[in-house]
Amino acid sequence: MQHHILDADPINAATLVALARSTDHFSFSPAALDRLAADRKVVESHAASGDPVYGLNTGLGGNLAYRLEAAEVLAFQAQVITGRMIGMGEPLPSEVVRAALLARCISLAKGGSGVSVAAAQGLLALVDKGVTPMVPMLGSISAGDLGLCAHMVAPLIGLGEAFYQGRRCSGAEALAAAALAPVALQAKDGLGLINASPLTAGYAAVVADKLSDSLLIAAGVAALADEGYAANLSVFDPRLAAARPAGAQQATAGLFRALLAGSSLYDHKPRSIQDAISFRTMAQVFGSSYAALATLTDAVDAEINGNSDSPIVFAADGDMLSSPNFHPTMIALAFDSMAIAITHLASASVQRVIKLQTPHLSALPKYLSPVGGASVGFNALQKTAAALFAEIKLKATPASLDAVVVSDTVEDHATQAMLCVRKLAEQLQLFQYLLAIEALVAAQAVDLRQAKKLGVGTQVVFDAVRLVVTPLQQDRPPGPDAMAVQSALFSGDLYRALRESASSESATHRLCGL
């Protein structure tokens, strides 16, 4: 168990997720506490001046024109939170909430929030002591995450619900069990704790981390399909990729060369001078998807390391300015674009599943059944693949275009970034099921073709499949086999093995996080 000191250092999505999944200890650096204290002096100065400052001495949203009396300010802090606990539905995953708590604390450490030192330390103590607030999944339109953040910080003042040591309980019970006391909120603490986008950032970081792993596994599965189909591997020639280097096409062509290195397919002339497009354009489709992933990752990292408070405190100048940085437009657009990219990958995957089972295209037994006759082989599984693709395509519908005018028409635009992230998470799960079908079918094709030698990367994918599922000899339930393969593909071991395989191609290092 380590002790992490939060300061102003930048952090990427992968690191945030790793910290959120840990049981390590956390605290603020002395420099971070100094920044928090300096910001508080500015807040207190503005409070004493009586000048209107959003959320400090005014109402919020449609109540902007209401001026708080000095005697109302402290009571208003809890009111800001309780009145905005609007979430509904199932709880967000614990790792998402912990990532969001850490993202909020990382932002507080950088300065600019105006949150009191006691409130900031109390919020970080929830992470440090393993108190995970219960945050419902529905309720954010991502013009900031106020409604869901209210649930996230409620246990800090003894309200709401939380998970502690595997038990769901009231916020007050969780604090007591963790030997923590409720925090007495000071001026601006209520708004300062919730008026940002940490849940969007935390959820986006978790999904981005899973997406990076899934793309590499998807490439490994597609390469195994090449082996089963005896595809023409000249499409990965670096000269072709360089002729029109769109997106990450060159690096992705290198990734496929690395995964297929040593394959006996290179030992003889290809079976066909030109394969179906789903086999022929792997570098182009995956290259575009990796380019979309790069944009998505940059957007998530910017959200984690940026300041989305409103107002923002500028201690050096003594200013407090209302800020529009709560609007995570780049997150919304990046996740919507990634959903479309995954749909392209899924479309090609379904076609490879079908073509591997089509004798006049694959030169293999019909439906990959070694017994023939009335045997269904993997033919019925094509329907599952088609059903999965229909759902994957449905999840590609952009969510960032939706906005309803709320709060006396003051809040007239929203990004729906949380919905974009959640939609991609659901789509990614469906895509993983589809990849399991492709891997299962590709492994059967490899066995039937009796390939002499597989590539260094395709061998590890094949071995992962065969570790949990034996070759099909006669008809049996293929659904449970596909589910077993899905578990094997995404256990973590295969990703690490594929990363090692890909390391022989320097161009793939950034793709695979090497």
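Residues considered: Ala399, Ala374, Ala334. Of these, the only one that is small (Gly, Ala, Ser) and outside any loop (DSSP other than H, G, I, E, B) is Ala334.
Consider segment 381-415 and keep the residues that are loosely packed, with under 15 Cβ neighbours inside 10 Å and of a type in the set (Ser, Thr, Tyr). The one that is farthest from the chain's Cα centre (by Cα) is Thr409.
The sole residue among Ala109, Ala174 that is surrounded by fewer than 24 Cβ atoms within 10 Å (Cβ to Cβ) and at pLDDT 95 or above is Ala109. If you check Ala417, Ala396, Ala385, Ala425 for being of a type in the set (A, V, I, L, M), closer than 21 Å to Ala231 by Cβ and in contact with a helix residue (DSSP H, G or I) (Cβ under 7 Å, 6 or more places away or on another chain), only one passes: Ala385. Cβ-Cβ distances below 7 Å connect the following pairs, each with a first residue in segment 180-197 that is closer than 19 Å to Thr132 by Cβ, a second residue that is in a loop (DSSP other than H, G, I, E, B) and basic (Lys, Arg), and a separation of six or more residues or different chains: Ile194/Arg84.
If I filter segment 260-304 down to residues being assigned to a helix (DSSP H, G or I) and in contact with a Lys or Arg (Cβ under 6 Å, 6 or more places away or on another chain), which single residue comes out as surrounded by the fewest Cβ atoms within 10 Å (Cβ to Cβ)? Give the derivation first.
Within segment 260-304, the first condition is being assigned to a helix (DSSP H, G or I), and the residues that meet it are 264-267, 277-280, 282-304.
The next check asks that each one be in contact with a Lys or Arg (Cβ under 6 Å, 6 or more places away or on another chain); those that pass are 264, 278.
Values: Ser264: 13, Ser278: 21.
Filtering segment 260-304 for residues that are assigned to a helix (DSSP H, G or I) and in contact with a Lys or Arg (Cβ under 6 Å, 6 or more places away or on another chain), the one surrounded by the fewest Cβ atoms within 10 Å (Cβ to Cβ) comes out as Ser264.
Across segment 461-477, what is the total count of residues that are part of a helix (DSSP H, G or I) and buried (at least 21 other Cβ atoms within 10 Å of the Cβ)?
4
Just one of the numbered conditions (1) assigned to a helix (DSSP H, G or I); (2) more than 29 Å from the chain's Cα centre (by Cα) is not true of His344: (2).
Selection over segment 230-266 of residues that are at positive phi and in contact with a Ser or Thr (Cβ under 7 Å, 6 or more places away or on another chain) gives a count of 1.
State which residue is surrounded by the most Cβ atoms within 10 Å (Cβ to Cβ) when the search covers only segment 19-40 and only residues that are in contact (Cβ under 8 Å) with a residue 40 or more places away in the chain and farther than 19 Å from Asn307 by Cα.
Applying the filter and picking the extreme gives Ala20.
The listed residues are Ala484, Ala451, and the only one of them that is outside any helix (DSSP H, G or I), touching a helix residue (DSSP H, G or I) at 6+ places or on another chain (Cβ under 7 Å) and surrounded by fewer than 20 Cβ atoms within 10 Å (Cβ to Cβ) turns out to be Ala451.
Taken as a whole, segment 326-341 holds at least one residue that is buried (at least 18 other Cβ atoms within 10 Å of the Cβ) and in contact with a Gly (Cβ under 8 Å, 6 or more places away or on another chain). Only a single item in (1) under 16 Å from Asp309 (Cβ atoms); (2) part of a helix (DSSP H, G or I); (3) among the aliphatic types (A, V, I, L, M) is not met by Leu102, and it is number (1).
All conditions but one from (1) surrounded by fewer than 19 Cβ atoms within 10 Å (Cβ to Cβ); (2) over 25 Å from the mean Cα position of the chain (by Cα) apply to Gln429; the one that does not is (2).
The values are calculated or read from the model by the stated rules, or taken from the named source; none is laboratory data. Bear in mind that the values here come from a model prediction, so they are computed numbers and not experimental data. Note that each Cβ is placed from the backbone with ideal geometry, even for glycine, and that neighbours are counted across all protein chains shown.
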